[in-house]
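Inspection log for the structure reproduced underneath, given as structure tokens.
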Amino acid sequence: MSGGEDPDDGPARRVALVTGGNRGIGLATARRLSRAGHRVAVTYRSDPPPEADAHNLTCVRCDVTDHESVGTALAEVTERLAAPEIVVCNAGITRDRLVLRMSEEDFGAVIDANLTGAFRVAKQAVRSMVRARWGRIVFISSVSGIAGQAGQANYAASKAGLIGMARSLAKEFASRNVTVNVVAPGAFSTDMLAALDEKQLGAIVERVPLGRVGDPDELAAAVEFLASEDASYLTGIVLAVDGGLSMG
């Protein structure tokens with residue numbers, strides 16, 4: 001039963017929502033939460049996850065840049081499963097350009113999707129968590145939001161903004177037993193990295209102390225922990241999952 005213990009007194013099985021859960025880190029996170037026994041919904045803007053990957057997942061169309069679309073998606077998840085108790089804000093875009101070539105539209109679009117979009121989802125989803133006095137919100141940021149990255153002024157700003165927003169929300173909702181945390185991934189084997197040539201990929205790996213890129217499931221494991229009962233005394237933290245890339 002959502003929100004309670006299972007008949008064997010094992011870990012509580014919750015309803016989880018992962019935005020941008022149709023591929024990459026979002027899909028890995030959704031599948032990991034599903035394997036943990038949670039009932040999981042994922043949102044997608046255009047293409048749902050491949051049928052083979054969507055086993056046990058409830059797929060809902062949502063554009064996080066549209067307030068009404070977010071509300072409709074949350075209502076659908078609530079109707080089909082129940083109100084989400086775990087929300088992972090992962091949906092986002094990139095429009096990488098050096099700042100002298102970056103238009104205001106490029107900058108604003110990334111901020112709207114990555115930062116304001118997460119705000120829209122969290123604001124609407126947290127209401128039911130407050131009433132239930134239990135909730136987990138996890139924002140997917142980036143090491144670019146911690147250290148910056150040339151050609152990503154818009155992306156880095158949006159991901160840094162998630163950290164400030166998460167810590168503010170953590171303070172607002174702590175008294176209602178709703179935790180808000182951030183995971184900041186480094187280089188992972190996703191579509192974005194697959195687009196790089198061997199030289200570019202080698203330059204990234206060279207900077208990672210562990211000497212490799214991460215597997216999306218390793219990032220998903222960190223999210224699973226922060227969404228669990230075991231993380232009940234953690235809120236407002238930024239967990240870098242990056243092979244040591246942002247260390248120091």
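The values are calculated or read from the model by the stated rules, or taken from the named source; none is laboratory data. No experiment lies behind these values; they were computed from the predicted model shown. Neighbour counts are summed over all protein chains in view; Cβ atoms, including those assigned to glycine, are modelled from backbone coordinates with ideal geometry. Surface areas here come from the heavy atoms of the whole protein model, side chains and all, with no ligands, DNA or RNA. Shrake-Rupley method; radii C 1.70, N 1.55, O 1.52, S 1.80 Å.
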Complete set of residues in segment 191-207 that are at pLDDT below 80 and more than 18 Å from G26 (Cβ to Cβ): L196, D197, K199, Q200, L201
Output for segment 30-73, where each listed residue is open to solvent by 50 Å² or more (accessible area, probe 1.4 Å), assigned to a helix (DSSP H, G or I) and of a type in the set (S, T, Y): T72
Number of the exception - F119 against (1) closer than 14 Å to A166 by Cα; (2) open to solvent by less than 40 Å² (accessible area, probe 1.4 Å); (3) aromatic (F, W, Y): (2)
Residue list for segment 83-116, restricted to those being part of a loop (DSSP other than H, G, I, E, B), buried (at least 21 other Cβ atoms within 10 Å of the Cβ) and not charged (D, E, K, R): P84, N90, A91, G92
Residue among R120, R97, R131, R101 that is of a type in the set (D, E, K, R) and within 19 Å of the chain's Cα centre (by Cα): R120
Filter result (crowded, with 20+ Cβ neighbours inside 10 Å and assigned to a helix (DSSP H, G or I)) within segment 223-248: V223, E224, L226
Leading residue by the ranking (nearest to the chain's Cα centre (by Cα)) among those in segment 144-201 that are charged (D, E, K, R) and either crowded, with 17+ Cβ neighbours inside 10 Å or in a helix (DSSP H, G or I) (or both): K159
Answer residue from segment 1-47, given it is at pLDDT 95 or above and polar (S, T, N, Q) and is farthest from the chain's Cα centre (by Cα) among those: S34
